[in-house]
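Everything below concerns the one structure shown next.
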Amino acid sequence: MTVFLTLAGIIILATVAAGLWRILRGPEDAERMMAAQLLGSGGVAVLLLSAVISGIPAIIDIALSIALLAAFASAAFVLEAFGTRGDEPADRP
Amino acid sequence: MNAATLFGLCGAVLVGLGLYGIIVHHEPIRKILAFNLLGGGVFVLFGIIARRGAAAGFGGDPVPQALVITGIVVAFSASAVAVTLVMRLFEVNEAARREARSGHSAEDAG
Amino acid sequence: MTLLPLYYGLLALLVIGVAWWTLVARETMAAVIGFIAYGMLLGLVWAGIASVDVALTEAAIGGGVTGVLLLRAAARLRPTEPAPHEKPGLVFRVLVGIFCAIVTIGLAVVVLFPTDPAPSLAIAAAEHLPALELGNPVTAVLIAYRALDTMLEKVVLLLALIGVWSLGPDRNWGGLPGRAPAVVTDSALTFLAKLLPPIGIVFGVYLLWTSADNPGGAFQGGTVLAAMWILAMMAGLRAPPAIGSRALRLLLLSGTITFIVVGFAGFLIAGGFLSYPAAFPKALILLIEIPMTLTIAVTLGLLVSGPAERDKTS
Amino acid sequence: MTLLLDAFTIVAVSAGTFFFVAGTVGLLRFPDTLSRLHALTKADNLGVGLIVLGLLPQATSLGMGIRLIGVWLLVQLAGATVSQLLARAAARRNGART
């Protein structure tokens, strides 16, 4: 079982790596931010697997933390990069 | 090769990369980024020391781990001060540039 | 047969790859996004070497709060990002490259040929855990054995905040930090900004509560709380406090003050600065940790928010 | 019984892994931003969901099971919303440019 779960973790990490490579190249920043989101879910999956593999349930808390902060970073990104403000013109690039 | 040695080598490479970025990059904000890359590498090296000291049923020596936790928070506060300084510098420069430009063309100073 | 070395190797390569990308990305915003990915990957690395406490801190601060701090700076600098400066000359870059390679090789040698047996304080740390009624040795180091360091770190955070505040223009002193929040027109964004904070607050409190016996603690919990507060401020759901506010300053100081009071009380009840009485160590530790978590949350949130840039009225 | 639970784990985790692979293939092969993001979000939700489902029988305590479900709920809610936000932001940028 351990070997199987490790294999699943390796495959997920490898596909996340491939995806990261593609997205980080852009061209859009929003697409790049998607890379962080992809890494967030891939990382969550890998961490859940390793919590079971290593027998350390606390690793699930890292998964929770990553899921939460990936969403936080994405929301902050959209607000900062695309949000319009009261104190400046709306047509920011 | 065990995980600790492998990640130790990874940390060594990260330190080298971060150091290179701090020296070579021109923009201050990129230097701050590189500083944080370097910090990540240094912390991982601490983690290796902790991992090698695993004993008494713990996954690692708790003292280096506690040091790293403190270090991460201090690195963050240093980054926050640095970023604020860069932003302020940028604003002051912008204001000076705007003033110089409006001084040339018209008298509606903003 | 075990496949774990393959997994660790892949992870190490991925971390180095993302770090490299962060370094060479042409635009600052792209580099910052790479850095957020880097912080999350380091979380996986720390999980791989069984340091769950550090993994929680790194994921929350590296990927989360530092990422957002740099994200805001990059977004503000971007409209006027200057044309790329001419790169330093090739000779210079090669020389720096060689220098950094030497540093890396030196560190690699240290990693490959470590002292044996490895120095460790794990046994000493384990010895007094029952007396403290704690199960997590990292919490014990932070809050008991090296409590003085942790207390002084609160002071470092305060000094950093004073540094950030001092960089604001004089006319706004005492006003609201940061610029006016974004006008949110996207319902999905409002939904997210309202959805995450309740979850995050529960999770942050859980991290503090569980830290006596499991990985977690005041730093991790405080950082998660700070992230949620920052999100609410950025989305305009909560106004930031005026930095001149007395209640705010009291909150900023509460962690350190509790620490000092308990520390001096140690002279009376346990015979030394910051020593805990044998009868009720856990209650005192919680008494310190709760205001400390709040202080960390508020300080980190304000560090990201920046100096006062608006009047109290705006 | 253990064998049955293990078989369930293997099937569900395999399916979850498959969705991660499929999502990434879509990401690499699809021509434009929006369809790439579409491929990615499927991987997110189904992949993590199936892996959580598969790991549930392996949970050693009730708390572990509850936290696994918590992770799944968070990824479902936040992941789906974030994907939509980012896709919309990308679309807005493209629209503004052309």
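The values are calculated or read from the model by the stated rules, or taken from the named source; none is laboratory data. Model, not experiment: these values are computed from the prediction. Don't worry about glycine lacking a Cβ; one is built from the backbone with ideal geometry, like all the others, and counts go over all protein chains shown.
Given the options B:Gly59, B:Gly16, name the one that is assigned to a loop (DSSP other than H, G, I, E, B) and not charged (D, E, K, R). Lay out the reasoning, then the answer.
Details: B:Gly16 fails: assigned to a loop (DSSP other than H, G, I, E, B).
Just one listed residue meets the conditions, B:Gly59.
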**Study point:** The one condition in (1) of a type in the set (Gly, Ala, Ser); (2) over 30 Å from C:Ile49 (Cα atoms); (3) buried (at least 20 other Cβ atoms within 10 Å of the Cβ) that C:Ala227 fails to fulfil
**Key:** (2)
Check your understanding: Any idea which residue in the range B:26-55 is nearest to C:Ala31 (Cα to Cα), counting only those that are buried (at least 20 other Cβ atoms within 10 Å of the Cβ) and of a type in the set (Gly, Ala, Ser)?
Key -> B:Ala34
Study note, to complete from the structure: The one condition C:Val202 fails out of (1) facing another protein chain (nearest Cβ under 10 Å); (2) under 20 Å from the mean Cα position of the chain (by Cα); (3) surrounded by 18 or more Cβ atoms within 10 Å (Cβ to Cβ) is (3)
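Conditions (1) of a type in the set (A, V, I, L, M); (2) in contact with a Lys or Arg (Cβ under 9 Å, 6 or more places away or on another chain); (3) modelled with pLDDT of 85 or more; (4) under 17 Å from A:Phe77 (Cα atoms), marked per residue:
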| position | (1), (2), (3), (4) |
| --- | --- |
| C:Phe35 | no, no, yes, yes |
| C:Tyr38 | no, no, yes, yes |
| C:Ala74 | yes, no, yes, yes |
| C:Lys87 | no, yes, no, no |
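Does D:Arg67 satisfy the criteria of being modelled with pLDDT under 75 and either of a type outside the set (Ser, Thr, Tyr) or within 15 Å of A:Asp61 (Cα to Cα) (or both)?
Details: modelled with pLDDT under 75: no; either of a type outside the set (Ser, Thr, Tyr) or within 15 Å of A:Asp61 (Cα to Cα) (or both): yes.
Spelling it out, it is not the case that D:Arg67 is modelled with pLDDT under 75 and either of a type outside the set (Ser, Thr, Tyr) or within 15 Å of A:Asp61 (Cα to Cα) (or both).
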**Study point:** Unmet requirement for C:Leu132, which otherwise passes all of (1) at pLDDT 80 or above; (2) more than 20 Å from C:Met228 (Cβ to Cβ); (3) assigned by TED's automatic domain parsing to the domain that holds C:Val298; (4) buried (at least 17 other Cβ atoms within 10 Å of the Cβ)
**Key:** (1)
**Study point:** Top-ranked residue in the range B:46-71 [being more than 7 Å from every other protein chain (Cβ to nearest Cβ) and touching a residue at least 24 places away in the same chain (Cβ under 8 Å); ranked as farthest from the chain's Cα centre (by Cα)]
**Key:** B:Phe46
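Being farther than 22 Å from D:Phe18 by Cβ and modelled with pLDDT of 85 or more is the filter here, so list the residues in the range D:39-64 that pass it.
D:Leu62, D:Met64 - these are the residues of the range D:39-64 that are farther than 22 Å from D:Phe18 by Cβ and modelled with pLDDT of 85 or more.
Would it be correct to say that C:Thr293 is polar (S, T, N, Q) and either in a loop (DSSP other than H, G, I, E, B) or modelled with pLDDT of 90 or more (or both)? Give the steps one after another, and end with the answer.
Details: polar (S, T, N, Q): yes; either in a loop (DSSP other than H, G, I, E, B) or modelled with pLDDT of 90 or more (or both): yes.
Against the criterion (polar (S, T, N, Q) and either in a loop (DSSP other than H, G, I, E, B) or modelled with pLDDT of 90 or more (or both)), C:Thr293 qualifies.
In the set C:Leu42, C:Leu95, which member is closer than 29 Å to B:Ser77 by Cα and either assigned to a helix (DSSP H, G or I) or touching a helix residue (DSSP H, G or I) at 6+ places or on another chain (Cβ under 9 Å) (or both)? First the steps, then the outcome.
Working: C:Leu95 fails: closer than 29 Å to B:Ser77 by Cα.
Of the residues listed, the single one that is closer than 29 Å to B:Ser77 by Cα and either assigned to a helix (DSSP H, G or I) or touching a helix residue (DSSP H, G or I) at 6+ places or on another chain (Cβ under 9 Å) (or both) is C:Leu42.
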Practice item. Answer yes or no as to whether B:Phe7 is more than 7 Å from chain C (Cβ to nearest Cβ) and modelled with pLDDT under 95. Key: no
Check your understanding: With C:Thr150, C:Thr115 as the choices, which residue is closer than 25 Å to B:Ile49 by Cα and either within 21 Å of the chain's Cα centre (by Cα) or in contact (Cβ under 8 Å) with a residue 60 or more places away in the chain (or both)?
Key -> C:Thr150
Check your understanding: Does C:Leu159 fit the bill of being without any contact (Cβ under 8 Å) to a residue 60 or more places away in the chain, closer than 30 Å to C:Ser245 by Cα and in a helix (DSSP H, G or I)?
Key -> yes
Exercise for review: Can you run down the residue pairs with Cβ atoms below 8 Å, 6 or more apart or on separate chains, where the first is in the range A:27-50 and within 7 Å of another protein chain (Cβ to nearest Cβ) and outside any helix (DSSP H, G or I) and the partner is among the polar types (S, T, N, Q) and surrounded by fewer than 24 Cβ atoms within 10 Å (Cβ to Cβ)?
Suggested key: A:Glu28/D:Thr33; A:Glu28/D:Asn94
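Out of curiosity, is C:Leu284 within 20 Å of C:Asp149 (Cβ to Cβ) and free of Cβ contacts under 8 Å to residues at least 60 places away in the same chain? Explain how you work it out, then say what you get.
Numbers: within 20 Å of C:Asp149 (Cβ to Cβ): yes; free of Cβ contacts under 8 Å to residues at least 60 places away in the same chain: yes.
Judged against the criteria, C:Leu284 is a match.
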Revision key, fill the gap. Selection over the range C:28-75 where residues are surrounded by fewer than 24 Cβ atoms within 10 Å (Cβ to Cβ) and among the hydroxyl-bearing types (Ser, Thr, Tyr) yields a count of 1
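Checking the condition within 9 Å of another protein chain (Cβ to nearest Cβ) and under 14 Å from the mean Cα position of the chain (by Cα), which residue from D:Ile69, D:Ile51 passes?
Values: D:Ile69 fails: within 9 Å of another protein chain (Cβ to nearest Cβ).
Just a single option satisfies the conditions, and that option is D:Ile51.
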Practice item. For C:Met233, state whether it is among the aliphatic types (A, V, I, L, M) and touching a Ser or Thr at 6+ places or on another chain (Cβ under 9 Å). Key: yes
Point to revise | Residue check, B:Ile23 farther than 21 Å from C:Gly43 by Cα, facing chain C (nearest Cβ under 7 Å) and surrounded by fewer than 19 Cβ atoms within 10 Å (Cβ to Cβ) | key: yes
